[in-house]
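One structure is given here, and the rest of the page talks about it.
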Amino acid sequence: MGAAVAELYNSRLRRPGVPGNTLKREGEFQMANKLVVQADLGKETISRHIYGHFSEHLGRCIYGGYWVGEDSPIPNTRGIRKDVVAALRKMKIPNLRWPGGCFADEYHWMDGIGPKKNRPCMVNTHWGGVTENNHFGTHEFLDLCEQLDCEPYICGNVGSGTVQEMQQWVEYIAFDGISPMADLRRKNGRDNPWKVKFWGVGNENWGCGGNMRAEYYADQYRRYQTYLRNFADNQLFKIACGGYGENYHWTEVLMRECANQMAGMSIHYYCGSGKESRSATQFKEVDWFHLLKAALKMDELLTKHEWVMNKYDPARKVALVVDEWGAWHQVEAGTNPGFLYQQNSLRDALVAGVTLNIFNDHADRVRIANLAQTVNVLQAVVLTEGEKMLLTPTYHVFEMYKVHQDATLLPARLDCGKYEFGGESMPALSASASLSKDKKVHVSLCNLDPNKPQELKVELRGMKAGKVAGRVLTAKAMTAHNTFDKPNAVRAAAFKGARAGRLGLTVQLPAMSVVVLEIS
Ligand code: AHR
């Protein structure tokens, strides 16, 4: 399967709109950068859930990141930080995956309900070997989702749990009648059931979730999902645990054995860090180039997994769910290596920008995605230190791109030059376009070249560009980042580099920038 898929990908006519797509043919001269957007031919909806996030019991993500407890001097609502909630609401967070990650497959939800003083503690063996007091459990998570106004996405325990345990969790959350689990929920202070839609059946079950083979997991998936019941109008969207990166075998087995029993199948892919330095903030162009090239690989991975899925599900009923993605740098000096706390620079913003453009472009199959992780872990959108909070460059990209949520993807064809470094190259630009319900066209653009500004002609077909406005995220240095002393070193600003003319727009993109235009 692997070789055949590779050959097909290399020979295929690439999708329009994604960075790998250039119109340049052999023997032609380098053309000017050009984006053609078909404003009247949109078909697919960009699911808002591809702008989703992930929060694990890992380091300071939950404890300190979201949860400070009711008695904390840090302003909170029922123990949950107000500043973090306000920031994520502004970014329009659509869903939140929890409790892991690797933690999910050793989490026993019943330890996290009832009076906090009675909750047993456990060792978080994956992440620093610290003691988990279970003060943040099901009620606190679902309260957080209500405060965020987002959909919960719960990942159940297959690795060390039982079918009964997972079945009862759903009953506890979603059953409205008289039953042992619904009664227990009421006893713990919640009368009405919650709504929960997205439900993951295990996490990385090929690794930390039980070291299973695809064939064994497929059978386990069939068994577990049987007992995940729909109560009244609470319809579960069941997500099977998929493979990592290029593991097309796992996708093949799962699709072959259980495509008709799942609503989604997940994959994970982390694009890593730099080549010579793994520091989040101290790196050179070689590292910038290396990381962005790895981020662009997402398009190839999605395309190949989709081909396998298409074999068994040509109607595209099963969603491809990228429920962990992002950059993975070395931890910040002096922090616990098990806590995965990293800074976040303009380079990470570019990783987010190109990845989200790729997800948009795969809207026909990719319907949920979750950046790892929301607060204080990996490619976080928010960092906290005591009562202080900052928004990372990655946050600003999500906030700028929120205009694409639930909009109609517009077919777009990008013809652009290359960004070259050390004898290698990648497309200098990445683009995606959508049409909002109120008939505005939004175009998100990334200039991956850290040295050269780029001029881009945008031809709009099926629409006359009247007004254009925009925002830009850039900085003087590729390593620019926000600190608690300078929290606004990198932030979105008004963009003045787009002009509407008779034939469309002319856009002057600064080097290493992310721009979102609104055309009406
Ligand atoms: O996000 C950190 C870890 O990366 C998750 O727990 C795991 O699923 C993945 O390997």
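The values are calculated or read from the model by the stated rules, or taken from the named source; none is laboratory data. This structure is a prediction, so every number in the text was calculated from the model and none was measured. Reconstructed Cβ throughout: ideal geometry from the backbone, glycine too, with neighbour counts over all protein chains shown. When the accessible area is computed, the model is the full protein with side chains, heavy atoms only, and any ligands, DNA or RNA have been set aside. Shrake-Rupley method; radii C 1.70, N 1.55, O 1.52, S 1.80 Å.
Numerical summary
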read-out: Any hit, segment 218-230, residues being surrounded by fewer than 23 Cβ atoms within 10 Å (Cβ to Cβ), part of a loop (DSSP other than H, G, I, E, B) and under 19 Å from the mean Cα position of the chain (by Cα); value: no
read-out: Close pairs from segment 313-332: first within 16 Å of Glu44 (Cβ to Cβ), partner open to solvent by less than 10 Å² (accessible area, probe 1.4 Å) and within 11 Å of the ligand (Cβ to nearest atom), Cβ under 9 Å, at least 6 apart; value: Leu320/Ser266
read-out: Flag if Glu215 is more than 16 Å from the ligand (Cβ to nearest atom), among the charged types (D, E, K, R) and in contact with a strand residue (DSSP E or B) (Cβ under 9 Å, 6 or more places away or on another chain); value: no
read-out: Checking Ile93 against (1) part of a loop (DSSP other than H, G, I, E, B); (2) more than 16 Å from the ligand (Cβ to nearest atom); (3) open to solvent by 10 Å² or more (accessible area, probe 1.4 Å), the condition it does not meet; value: (3)
read-out: Among residues of segment 279-297, those that are buried (at least 17 other Cβ atoms within 10 Å of the Cβ), over 15 Å from Leu448 (Cα atoms) and away from the ligand (no atom under 16 Å from the Cβ), counted; value: 3
read-out: Any strands (runs of 3 or more DSSP E) falling wholly within segment 376-467 and containing at least 1 residues that are closer than 30 Å to Asn76 by Cα and either out of contact with any helix residue (DSSP H, G or I) (no Cβ under 8 Å at 6 or more places or on another chain) or without any contact (Cβ under 8 Å) to a residue 12 or more places away in the chain (or both); value: 382-385, 388-391
read-out: Residue in segment 332-343 that is closer than 27 Å to His442 by Cβ and touching a strand residue (DSSP E or B) at 6+ places or on another chain (Cβ under 7 Å) present; value: no
read-out: Qualifying positions in segment 493-520 - in a loop (DSSP other than H, G, I, E, B) and over 18 Å from Pro453 (Cβ atoms); value: Arg502, Leu503, Ser520
read-out: Count - residues of segment 219-250 that are within 16 Å of the ligand (Cβ to nearest atom) and of a type in the set (D, E, K, R); value: 1
read-out: Conditions (1) among the basic types (Lys, Arg); (2) under 29 Å from Thr226 (Cβ atoms); (3) touching a strand residue (DSSP E or B) at 6+ places or on another chain (Cβ under 7 Å); number of the one not met by Arg256; value: (3)
read-out: Residue satisfying all of: in segment 35-90; basic (Lys, Arg) and in a loop (DSSP other than H, G, I, E, B); most open to solvent (accessible area, probe 1.4 Å) among these; value: Lys43
read-out: Scan of segment 205-250 for residues that are at pLDDT below 95 and not hydrophobic (A, V, I, L, M, F, W, C), ordered by number; value: Asp233
read-out: Residue that is aliphatic (A, V, I, L, M), farther than 20 Å from Asn234 by Cα and more than 16 Å from the ligand (Cβ to nearest atom), where the choices are Val163, Val130, Val68, Val123; value: Val68
read-out: Every residue from segment 469-478 that is in a loop (DSSP other than H, G, I, E, B) and surrounded by fewer than 18 Cβ atoms within 10 Å (Cβ to Cβ); value: Lys476, Ala477
read-out: Residue within segment 349-368 that is surrounded by 21 or more Cβ atoms within 10 Å (Cβ to Cβ), over 28 Å from Lys418 (Cα atoms) and modelled with pLDDT of 95 or more present; value: yes
read-out: Residue among Val490, Val514 that alone is open to solvent by less than 10 Å² (accessible area, probe 1.4 Å), under 18 Å from Asn344 (Cβ atoms), in contact (Cβ under 8 Å) with a residue 60 or more places away in the chain and in contact with a Gly (Cβ under 8 Å, 6 or more places away or on another chain); value: Val514
read-out: Subset of segment 155-167 that is out of contact with any Lys or Arg (no Cβ under 9 Å at 6 or more places or on another chain) and of a type in the set (Val, Ile, Thr) - its residue that is surrounded by the fewest Cβ atoms within 10 Å (Cβ to Cβ); value: Thr162
read-out: Hey, Glu306 in a helix (DSSP H, G or I) and open to solvent by 30 Å² or more (accessible area, probe 1.4 Å) or not; value: no
read-out: Single residue of segment 251-278 satisfying the filter (open to solvent by 10 Å² or more (accessible area, probe 1.4 Å) and either within 15 Å of the ligand (Cβ to nearest atom) or basic (Lys, Arg) (or both)) that is farthest from the chain's Cα centre (by Cα); value: Arg256
read-out: Residues satisfying the stated conditions in segment 168-210, i.e. touching a strand residue (DSSP E or B) at 6+ places or on another chain (Cβ under 9 Å), within 16 Å of the ligand (Cβ to nearest atom) and open to solvent by 10 Å² or more (accessible area, probe 1.4 Å); value: Glu204, Trp206, Gly207
read-out: Residue match in segment 343-363 (condition: hydrophobic (A, V, I, L, M, F, W, C), within 16 Å of the ligand (Cβ to nearest atom) and farther than 30 Å from Glu257 by Cα); value: yes
read-out: Any chance Arg190 is basic (Lys, Arg), outside any loop (DSSP other than H, G, I, E, B), more than 25 Å from Ser47 (Cβ to Cβ) and at pLDDT 95 or above; value: no
